[in-house]
Structure formats: structure tokens, C-alpha cells
1. So what is log10(I(q)/I(0)) for segment D:1-107 at q = 0.22, 0.23 1/Å, when the Debye sum runs over its Cα atoms only?
2. Averaged across B:108-116, how many Cβ atoms of other chains sit within 10 Å of each residue's Cβ atom?
3. In degrees between 0 and 90, to the nearest 10, how far off the longest principal axis of chain A does helix A:2-22 point, with axes built from Cα atoms?
4. Tell me, what does the Kirkwood hydrodynamic radius of segment A:7-66 come to in angstroms if you use every pair of distinct C-alpha atoms?
5. Dipole magnitude of chain B about its Cα centre, charges +1 at Lys/Arg Cβ and -1 at Asp/Glu Cβ only, in debye to the nearest 20?
6. Scan chain D and note any complete DSSP helix (H) whose C-alpha atoms cover at least 18 Å along its axis and whose Kyte-Doolittle average is 1.6 or more.
7. Which of the residue pairs B:31/E:67; A:76/B:101; A:39/B:101; D:12/E:67; A:39/B:32 have a Cα-Cα distance greater than 31 Å in the structure shown?
8. Taking Rh as the Kirkwood radius computed over C-alpha pairs, what is the Stokes-Einstein D of segment C:122-164 at 10 °C in a medium of viscosity 1.306 mPa s, expressed in µm² per second?
Amino acid sequence: MFGVASVAVLVTMALALTRALLGPTVYDRVLAVNMFGTKTVLIIALLGFLTGRPDFLDLALLYALINFIGTLAVLKFFEYGDLSRRLDQGEAGP
Amino acid sequence: MRVLGLYNYWIFIFLMMVGFYILISRRNLVKKILGLNIFQTSVFIFYISMGKITGGTAPILVEGAEAVVYSNPLPHVLILTAIVVGVSTTAVALALVVRIKEAYGTIEGDEISAMDNQIPF
Amino acid sequence: MGVLVDFALLAFLATTAIAVVRTTNLFAAVMLAGIYSLLTAGLFTVMDAVDVAFTEAAVGAGISTVLMLATLAFVGSRVKTPQLRITDISAKVPVRRPVFPLVVVLVTGAILIWGTGDMPAYGDPANPIHHHVAPRYLEESEHEIGVPNVVTSVLASYRGFDTFGETTVVFTAAVGVMILLSAMRRKDRFGEERWGEESVPDLFRGFAPTFWLGQDGRMRAPPSQPGEEDEGGTP
Amino acid sequence: MSDQIILRVATKIIVPTILLYALYVQFHGDYGPGGGFQAGVIFSAAFILYALVFGLRRTHRVLPTWVVRGCASAGVLLYGGVGLASMVMGGAFLDYGVLAHDPKHGQHYGILLVELGVMITVFGVMVTIFYFFAARGREDL
Amino acid sequence: MSTVADVLSWGFLLTGSFFVISGGIGVIRMPDLFTRLHCSGVTDTGGAGLVLVGLMFQGGLSLVTLKLLFILGFLWFSSPVSTYALARAALAGGEEPFWAEDLDLPPSARIPGFSPRPVPGEGEE
């Protein structure tokens, strides 16, 4: 049963990867990376159960916590052009 | 079955060669650094796959369990530190790229060499 | 089942690597590198290396993307002169096609693949690596160190020297970054404040070390060619 | 441009969680996956997230540069210090067995301190690198 | 009891797999970024949530289930936030949503009173 779910997640990973490769805009790529992160959380959780050592979910927990950082960095990069500014300050980049 | 046992190595070699190709054929310095990272990662995965034992489990001892096969912890230790060192050295390389951009105004390798080869006076 | 996941992840990894080669947008390449890191962490998990996967996860998701983006904020995200692909025959301009690198890579790869014939199969318990020191670590660690995580005990105790060296290397990397990036704006000899941005140190061009340290007497920039400010560049 | 409140609130909730999780990874590393390297990176990732949302200036106020630099060197010093301490107490360099009466306890102390040193160094190094990259070209920070 | 838990867990896993795959297909087939964001949201919250709940039934009352609960909580917390951030960045970056009129439908197929393309400069500050 875990196998079926793993296959589903792997297929979705393949689809997300396709979107990252096709992605007409850069935002599509970011979206694909974001989605890929969630799928990695799932596949790691499923792998824990598949291999019979489900106590290694810490890794999935870590991804659930910090996948967010990459997306935020991208947001700042696009909206402000640098990474050091406060988010609601100023309009344009340097 | 022989092919199954070697498939992993082939992929590692492929990845390593892709990284190598980026490194020697692309002129953009950031791209070269990415190629270097791919090269590095292929070595990491190669090491880890050497330590894997089929049917084994992660080398964290299970209390009171008999006859559990653990994977080899030694490659894990080597690669664990290598990943952190890898990102630090990548940061140094990126800092160099930033300085090169500031000094030359470009990060394309051929333009930099062209500027270097101009006769100054 | 693990084998299937392993195969699929490796195939994704190869696809991502090819995509990194082909893209001419550095930003897309950085995003693909993020995917690459996620896949690597998954692979480490499949190969029972949870600690390594943990490190890769933390580094890949937390640090490297941010560092790469911070660099891209300086250097711009487009590769200026996209290189022609081998298959791109129609181009009129004489552009260096990367044939020689391809040949080098193919030959090296072929030699390496030929060499794998002698490699032990993946996951074979009889591999030589499993018979040297690892059994001792796994058997004695519980009595000698008393820590269930063998990776920790090997990392911190059995191979403490190694880790000490690695920590020093990480520290040295920070020192290097500080030296490289802390050269703040300075007045050049004409009293103009400038960033290195447009100044090519033409007088001292031969003296690479002085330039690296930011100690050079920076001179006026050569008159900039029209169109050079254009970051994206039209090839 | 004042509608970034979602991100700010989310960051305020998630940054302490990441810090707490990093400490869990650090001190649970003997029993599960984790250890100094990972904990240091996660710890610094929390501050990077803070800097991304609240700006570098405010982060400098929370975590000044000199603290970070001090961390980067203090960790290596702690590591070396443990080695020297074990030499002083009659063992070899980094031979933790002599740190306590029971060699096993000594090993525990040694591993704990050494991992702490690694974590502090890695944290300091990663945040230093980020600070220098983010502040480059902005003299107002 | 364990049979019931197993059946429930299978049900959740299967439904979750369905959601995950359908979201993935949507990410490929949808016409523009914002609809794709919606599909990715389906996999991130619906699919991932169902799969994790299914795993929780397998874990039983243990630390594993607690960890899964945490994963679920953080996923449901951070994934919408990052989706929001991405959509914001895309709008600020000048990404145009795909309007129903772009489909070239016959007037009879349009939903009355729905989604006229906003006149530029009106309704936006």
C-alpha cells in the first residue's frame, strides 16, 4: 500500500519536474520547486514506513519547516532585486 | 541482475561527466560553479551508495534487536562533513565571482580574458 | 520497492543535470539546483544515510539557494552569450561550438564506465568496504562510546581529528568570504568614490594578488563602450 | 506595500520553531539523525529567514556581526579546547575517556562539547557568509 | 481494530494518492501560472494531508504519529504562505492571469455575469 502511494508521489515528482523544465516563466519553475519540496516530504515519510524505520521522520519535518525559505528568497529577489531589504520597504531594487 | 547492480554507478558517472562538461564548456562563472556542485554531488552519492547494504538499515542502533544489518557508517561520516565544507567553499567561490563582477563588469570567462589581454597603454 | 524509488530518483537526477546544462537562464539553473538538492536528499534516505540526508536537506533548502540568489542579485541572471548547442547548425556567426569538451567528456565517461565492470554490485554485503573498520565501529561503539547513533560516535569520537579539521576548513571559508567581500568602497586617487563596478584596474592588471585583496590603486575606468551597461545583453 | 503582514506573522511563528527544532537536532543527535553540522545550518537558516523578511538592519540589531564572528571562532576554540583538556587530564588529544571517572561518561561529555563546538562554528560561519553577501553594495547597513 | 485502522489507512492513502496525481496533472495541463498554483495547492494540502493521515493510522499512538502530526501542521502552515508569496511575486512581476475570454468560447458557453476582464486602471489601486 505504501508502494502505491510512493508510485503516485514519484509520478507527481516527474510531472513537477516536467513543469520545471518546460516552465515558460521563472515563476513556474519556482512553483515546481515548491511542489517538489512537498513531494520530497511525502516520499521521505513513505520511505520511512517502507523500510520499517519510521522514526526517521525528522528529515521530513525539517523539509516541512524550511522549504519556505527558498520561496521567500525568490520572492524578495524578484520584487526588490536584493536580499537585504525589509520586505515592506521601498519599491525598486538598486 | 548485473545491470541492476551497476545502474547506480553509471548514473553517477553520467552526473560527474555532466558536471565536468559544464565546467569546461560553459564560460559563465556561476554556471561553472553549478557544474562543480553537480560534480561534487555525484561523488557524494557514489560514496554513500558504496556504504549501502541491501536489506540493511540506517546505522542507528536498535535497542534489543538481534541480527540487524546496518549500513556502513564510515562513508556517511565522511560525506556529512564534506557537504557542509562544500557549501562553505561554494560561498568562497561565489564571493570571488562577485568581486570579479565588480572589477570587470562581467562574469563571462572569455570577456574577462579579452580584457586581460588588452594592452593597457 | 526501494529499488524502484532509487531508480526513479536517479533518473530524475540525470534529467535535472541535463536541464542545468541546457538552460541559459542562471535563475532557472539555480532553481534546478534546488530540485537537484531535494532529489539528492531523497536518494540519501533511500541509501539509509539519514544523517547525510539531513545535512543535505538543511544545506540545500536553507543556505545554498539563498547564497546563489544573493550572487545573482549582483551578477544578473542571464548568460550573456548563450553557447550554441552541437546540434545548432544553422547559425551563421562563427561561434565556438563545444565539440572538444564533449569529446573529452565522452572519452572520460567511456573509460569510467568500462572501469565499473570490476566494481562490486550495489548493495552487496560482500563488498570490500564492509570488512575493514566499519564492523568494529558497529560492534564496539555501544560499549566504548555508548551512543546509539553510530554516525555521531564515529564523527565526534573515533574520527574526532578529521572533524576538527573539517570545522577548521569551514571557519577558514568564512574568513575567506570576509576578506573577499569586506573591501568597502574607497576613494580612488582622483578623489572619486567608486565601487569596483566599472573600474578595470588597468595599470595593475598584471598583479593579480594585489587586485584580489582589494589593495590596488584603482584608476579611472576605460571609457565604457555603448551598450555595455545593458545587463541582459543582446547577443 | 504594507500588506506583507501574512509573511511577517508567518515568519514570527516559524522562526522560533526552527530554532527550537535546531536545538532538538543538536541534543537528540546521539539517539537519532542529527548533530552539530545539521543543527548549525538549521539555526542559521532561521536567522536567514528572519533577515529575508525583516531586513538586514533589524537582524543586525538582533544578532550583531561581532557576535556571529565570535561564534565562528569560539566553536573551533571549544573543539580544540576539549582536545587540550583531555591532554591536560592525562589522555591523548581528543581522547574523551579521561574527561570523567567512567570512560563512557567521559565520551558522552566529550561528544556533547565537541558537537556544540561544531554547531556554534557552523552557525557563525553560515550567518557570516549570508551577512557579507547580503550587505555587499549597500553602505547604509 | 487493527484491520479497521488498516482499511482506513489504505483508504486515506489511496485518496491522497489520487489527489497528489491529479494535482500533478493539473500543474502540467493548466493554462497559466495562477491556475497551476491552485493545482499545486491541491497536492500540498489535500494530497499531502490525506497521505500523512493515512500514515498516522499505520503509526498508531506513538511518537511517529506525533511527528507526522507536526509535519502536517507545518506543511499546512508554510505551504499556503509560500503559495501566497509566489502569487504576489508573480503579480508584482507583471504576470497576467488567464481570463475566461482568452478561451474564445461562444457567448452561450459563458457564465452570465462572470469574470469580465477588468478594465485597466479600474478596480486596482
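The values are calculated or read from the model by the stated rules, or taken from the named source; none is laboratory data. Small disclaimer: the values here were computed from a predicted structure and weren't measured. Please note: Cβ atoms are built from the backbone with ideal geometry, for glycine as well, and neighbour counts cover all protein chains shown. Only protein heavy atoms, including side chains, enter the accessible area calculation; ligands, DNA and RNA are left aside. Shrake-Rupley method; radii C 1.70, N 1.55, O 1.52, S 1.80 Å.
1. -1.18, -1.22
2. Whole-number average of other-chain Cβ neighbours for B:108-116 is 2.
3. Here the helix axis deviates by roughly 30 degrees.
4. Hydrodynamic radius (Kirkwood, Cα pairs) of segment A:7-66 is 12.1 Å.
5. Numbers: 8 positive and 7 negative charges, 45 e Å.
I would put it at about 220 debye.
6. On the way: long enough: D:5-27 (34 Å, 1.70); D:36-54 (27 Å, 1.95); D:65-88 (33 Å, 1.30); D:103-135 (47 Å, 1.21).
Passing helices, by number: D:5-27, D:36-54.
7. B:31/E:67; A:39/B:101
8. Numbers: Rh = 11.2 Å.
In µm²/s, the coefficient is 142.
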